[in-house]
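Here's the structure, in C-alpha cells; my notes come after.
The values are calculated or read from the model by the stated rules, or taken from the named source; none is laboratory data. Here the structure is a predicted model, which means the values were calculated and not measured. Here Cβ is always computed from backbone atoms with ideal geometry, including for glycine, and neighbour counts include all displayed protein chains.
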Amino acid sequence: MSVPVPPYPMPLGLVKGKTMVITAAAGTGIGYAVAKRAAEEGAVLLLSDVHERRLGEAADRIAAETGCARPATCVCDVTSETSVQGLRTAALATLGRIDVLINNAGLGGEVAVVDMTDDQWSRVLDVTLTSLFRMTRAFLPVMVAAKSGVMVNNASVLGWRAQRGQAHYAAAKAGVMAFTRCAALEAADHGVRINAVAPSLAMHPFLAKVTTAEKLAELVKAEAYGRPAEVWEVANVMLFLASDLSSYMTGEIVPVSSQRA
C-alpha cells in the first residue's frame, strides 16, 4: 500500500533574505528542488552546475514557476580547484556575503567491486566526496570571517546501509558523513554550522533513466510509505537545516527516508 504524496508546501519564509549558493542545481533532481524551494522561501540565490545550458534553463524555470527574481548562475566543475575558487569569487561579487552553502554534487552508478575500474572508483569519489572537501575549503574561511554561516551537505542512507553494486557510491557517501562531522567541529568555534541530509530514495527523471524498473521497484518496497520521496520532500529538510530553526544542530546527519527499521 502506498501512502499518498502530501500537498506541496506553502512558503513560510524559512530562509527569507539569506544568500545561498547551491551546487549541482540544474536538471530535475534534489539540487533543482532545493533551489526552487529556497526561492519560494525567500532566499537570494546563486546556482551552480557544470552543465551551462541546463543551468540557465533551471534559473529560467525557477523564475517562471515561482514568480521570484531569476537566480544568478555560475558554471562550476566541482572537481576543479580553479573552478571552485572561481565560484567563490563569483558568489562574493554577486551576493556580497554567503549565508548558506548547499553542497549537492554527487555521482553514482552501479557496478560490482570485481568489475569496477580505478577510473570508475576515482570519478565517483572525486565528484561526490573530494568536491565537498574543495567546496568547504574554499567557502568556510568566508563564513569564519563573518562569524556565521551554514553548510548543508547531501549524503545518502547508503553511507550506513549496504547495497550491491554501490561500493564506490556508498564509500563516498559514508565519507560525506564523516567529513561533515569533523568539519562541523572545526567550524563550531566560529559560529558556523555544518550538517547533512541522508535521503533514501527520491524519484526524479534522471534516476529513472539510469536505474532499471526492476531495481526501482525493489527499492520502493524497502520504503515504509510504499513510495519514493518527492525531491521537494528532501529539499524541505535541507532548508530546515539551512534555516535558523536548526540553530542548535551541527555535525548531524539527518535521514530523509521511510525505510523500515
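Condition first: over 24 Å from Ala198 (Cα atoms) and touching a Lys or Arg at 6+ places or on another chain (Cβ under 6 Å). Can you find one or more residues in region 45-60 that meet it?
Checked region 45-60: at least one residue is over 24 Å from Ala198 (Cα atoms) and touching a Lys or Arg at 6+ places or on another chain (Cβ under 6 Å).
Read through the list (1) at pLDDT 95 or above; (2) closer than 29 Å to Ser246 by Cβ; (3) charged (D, E, K, R), then give the number of the only condition that Asp119 fails.
All conditions pass for Asp119, except number (2).
Taking only region 95-108 into account, find how many residues are more than 17 Å from Ile30 (Cβ to Cβ) and part of a loop (DSSP other than H, G, I, E, B).
Qualifying residue count for the region: 4.
Can you tell me which of Leu12, Leu92, Leu87, Leu47 is assigned to a helix (DSSP H, G or I) and free of Cβ contacts under 8 Å to residues at least 60 places away in the same chain?
Step by step, each of Leu12, Leu92, Leu87, Leu47 is checked, and only Leu92 is assigned to a helix (DSSP H, G or I) and free of Cβ contacts under 8 Å to residues at least 60 places away in the same chain.
Here are some conditions: (1) under 14 Å from the mean Cα position of the chain (by Cα); (2) within 17 Å of Met238 (Cβ to Cβ); (3) at pLDDT 95 or above; (4) not aromatic (Phe, Trp, Tyr). Ile62 meets all but one. Which one does it not meet?
Just one mismatch for Ile62, condition (1).
Quick grid of which residues meet (1) closer than 30 Å to Leu216 by Cβ; (2) of a type outside the set (A, V, I, L, M); (3) under 15 Å from the mean Cα position of the chain (by Cα); (4) surrounded by fewer than 17 Cβ atoms within 10 Å (Cβ to Cβ):
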residue	(1), (2), (3), (4)
Ala93	no, no, no, yes
Gly106	yes, yes, yes, no
Val114	yes, no, no, yes
Asp118	yes, yes, no, yes
Leu125	yes, no, no, no
Leu132	yes, no, yes, no
Asn153	yes, yes, yes, no
Ser156	yes, yes, yes, no
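For region 132-174, what are the residues that are out of contact with any Gly (no Cβ under 7 Å at 6 or more places or on another chain), in a helix (DSSP H, G or I) and touching a residue at least 60 places away in the same chain (Cβ under 8 Å)?
Met135, Phe139, Val157, Gly159, Ala172
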